[in-house]
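See below for the structure under consideration.
The values are calculated or read from the model by the stated rules, or taken from the named source; none is laboratory data. A quick note: this is a predicted structure, and the numbers were derived from the prediction, not measured. In this analysis, Cβ positions are derived from the backbone assuming ideal geometry, glycine residues included, and neighbour counts consider all displayed protein chains.
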Amino acid sequence: MATTGFLKGIENKVRGVVKRAVINHHRRGDTVLFSDTTLRDGEQMPGATLEPHEKVRIAQALEAAGVHSLDAGFPASSQADIEAIRLMIGVIKGPVLTALCRTVRGDIDAAEEALSDNPRHKRGVSLFCGTSPLHREHKLRKEQPEVLGLITDTVGYASGKFDIVAFSPEDASRTEPDFLIECYKEAIDAGATTIGFPDTVGVMTPEKVYEIIRHIQDNVPNIDRALLAVHFHNDLGLAVANTLAGVQAGANVIQCTINGIGERAGNASLEEVAMALHLNQEQYGVKMNIDTTKLFELTQLVADLTGIGLSPMKPVGGDNIFATEAGIHQDGLLKNPDTYLPYRPEAIGARGIRLVLGRHSGRRAVAHRLHELGVELSDEQVLGVLDGIKEVPKGVSIDDELLAQLAGRVTGTTAS
């Protein structure tokens, strides 16, 4: 019996050394980690319900794109989440699978059961507890010392079952900064390997984000023993900007969803954050493991499976992001695509540039499309076709059939 206890003690010490080494590696490194919460927080969007097998498809696509961890569900609240998690185990081998838990021991037990078949270094829990005055008074009905005790108890309990334990103070952005620091200190002392800063109701601005993340980095005395994650909601349309400010201030982990789906106004969009970092590496000074060529496909997959369509103007995923009707822009794109694009379609795995013919189009775009259709016209004839396009009634699209008819009218031939 004594030998068993001794060996257990050695095992725990080794685990502790490994955990600290991993944390130090990520803290010292210049690679920001993406934690995707499409399958949990994203699914909270009204109408975005996913079946377990659909979650597995999305998880596989996220793995292929290079995410570090997947917020796989909330086992204590949903049997469907448990089923989805169990389907992922053995299929998803790269990302860490994590389960959401309240600061309730029963939630942690449910997460342990759901994730039990996954290797210990590939499973974790994310605990949350309301810490703002509003949450303490109206939801928890607890004073600050009671909340701290709850954090210490449950994070400690979780760290006995999991090597990867995250703690986030719910409504952190409206929590008193000094109390926030206390919460983080207690969580890390109890065994948290990641502390999160969630802007639960989306009220932050980039300037405030930078300030509070620096405050956390500078004032949590044991911050060197944990990673720092940021999680922003989009109620003011600032979730992506706030996430980038968090990265600039030193956050190690960013939590996002594909297409920015989520409750209310949604979450920070993973594909938008990834492309912003990809195009501005010198500014942010970080690397990432996201394969940007997988992003367009991911946006379409999530839109298709959730039934939540994308605006044509949606960055990275919308139909119009590589389309233009403006004549000057069309002329520039034909000469060099970089003249009017922030990045080329292949950077995100999308199809090519689309020159839309309409009232604002120019001669060059019309001639280009006619040439692609095997129709060669003089400059004067092209201008005649362009005049015909400008007479087309509002709401009528200039497709190839109509374009051929207009060309036939100018040349006096019947379009075939």
- Message: Of everything in segment 159-189, what is of a type in the set (A, V, I, L, M, F, W, C) and crowded, with 19+ Cβ neighbours inside 10 Å? Give them in sequence order.
- Response: PHE162, ILE164, VAL165, ALA166, PHE167, ALA172, LEU180, CYS183, ALA187, ILE188
- Query: How many residues does segment 264-322 contain that are in a loop (DSSP other than H, G, I, E, B), farther than 21 Å from HIS26 by Cα and hydrophobic (A, V, I, L, M, F, W, C)?
  - Reply: 8
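Of all residues in segment 72-108, which are free of Cβ contacts under 8 Å to residues at least 24 places away in the same chain, in a helix (DSSP H, G or I) and within 17 Å of CYS129 (Cβ to Cβ)?
Of everything in segment 72-108, nothing turns out to be free of Cβ contacts under 8 Å to residues at least 24 places away in the same chain, in a helix (DSSP H, G or I) and within 17 Å of CYS129 (Cβ to Cβ).
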- Which residue, of VAL155, VAL125, is under 18 Å from THR98 (Cβ atoms), in a helix (DSSP H, G or I) and assigned by TED's automatic domain parsing to the domain that holds GLY246? VAL155
- Task: For LEU370, work out the one condition from (1) under 38 Å from the mean Cα position of the chain (by Cα); (2) closer than 20 Å to LEU334 by Cα it doesn't fulfil.
- Result: (1)
- Message: Is it the case, given these coordinates, that THR205 is under 26 Å from LYS287 (Cα atoms), among the β-branched types (Val, Ile, Thr) and in contact with a Leu (Cβ under 7 Å, 6 or more places away or on another chain)?
- Response: yes
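For segment 178-208, give me the residue count where each residue is within 25 Å of ARG102 (Cα to Cα) and either at pLDDT below 95 or not in a loop (DSSP other than H, G, I, E, B) (or both).
Just the residues of segment 178-208 that are within 25 Å of ARG102 (Cα to Cα), to begin with: 178-204.
Within this subset, residues satisfying the condition of being either at pLDDT below 95 or not in a loop (DSSP other than H, G, I, E, B) (or both) are 178-190, 194-199.
Number of matching residues: 19.
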- Note on the structure: When segment 306-323 is checked residue by residue, the ones that are of a type outside the set (A, V, I, L, M, F, W, C) and closer than 13 Å to PRO342 by Cβ are PRO315
- Message: Filter segment 80-138 down to the residues that are buried (at least 18 other Cβ atoms within 10 Å of the Cβ) and among the polar types (S, T, N, Q) and list them by number.
- Response: THR98, THR103, ASN118, SER126, THR131, SER132
- Message: Take the conditions over 31 Å from the mean Cα position of the chain (by Cα), in a helix (DSSP H, G or I) and either of a type in the set (Asp, Glu) or not assigned by TED's automatic domain parsing to the domain that holds LEU402 (or both) and apply them to GLU346. Does it pass?
- Response: no
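In the list VAL302, VAL316, VAL366, which residue meets the criterion of being over 29 Å from PRO46 (Cα atoms) and either in the same structural domain as VAL240 (by TED's automatic domain parsing) or among the β-branched types (Val, Ile, Thr) (or both)?
Numbers: VAL302 fails: over 29 Å from PRO46 (Cα atoms); VAL316 fails: over 29 Å from PRO46 (Cα atoms).
That would be VAL366, the only listed residue that is over 29 Å from PRO46 (Cα atoms) and either in the same structural domain as VAL240 (by TED's automatic domain parsing) or among the β-branched types (Val, Ile, Thr) (or both).
I want to confirm something. Restricting to segment 51-70 and keeping residues that are among the β-branched types (Val, Ile, Thr) and in a helix (DSSP H, G or I), which single residue is farthest from the chain's Cα centre (by Cα)?
Here is the first cut: in segment 51-70, the ones among the β-branched types (Val, Ile, Thr) are 56, 58, 67.
Subset that is in a helix (DSSP H, G or I): 56, 58.
Numbers: VAL56: 17, ILE58: 13 Å.
This residue is VAL56.
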- Of the residues LEU180, LEU148, LEU140, which is over 29 Å from the mean Cα position of the chain (by Cα) and closer than 26 Å to ASP218 by Cβ? LEU148
- Query: Within segment 19-50, how many residues are buried (at least 20 other Cβ atoms within 10 Å of the Cβ) and of a type in the set (Ser, Thr, Tyr)?
  - Reply: 3
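Condition first: closer than 26 Å to GLY266 by Cβ and either part of a helix (DSSP H, G or I) or of a type in the set (Asp, Glu) (or both). Can you find one or more residues in segment 219-229 that meet it? Spell out the reasoning first.
As a first pass, look at segment 219-229 and keep what is closer than 26 Å to GLY266 by Cβ: 227-229.
Among the residues that remain, those that are also either part of a helix (DSSP H, G or I) or of a type in the set (Asp, Glu) (or both) are: none.
Within segment 219-229, not a single residue is closer than 26 Å to GLY266 by Cβ and either part of a helix (DSSP H, G or I) or of a type in the set (Asp, Glu) (or both).
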- Which residue out of ASP331, ASP319 is more than 17 Å from LEU238 (Cβ to Cβ) and surrounded by fewer than 16 Cβ atoms within 10 Å (Cβ to Cβ)? ASP319
- Note on the structure: Among (1) in contact with a helix residue (DSSP H, G or I) (Cβ under 9 Å, 6 or more places away or on another chain); (2) under 18 Å from ASN267 (Cβ atoms), ILE181 falls short only on (2)
- Task: Among residues belonging to segment 139-158 that are touching a residue at least 24 places away in the same chain (Cβ under 8 Å) and farther than 15 Å from VAL104 by Cβ, point out the one that is surrounded by the fewest Cβ atoms within 10 Å (Cβ to Cβ).
- Result: GLN144
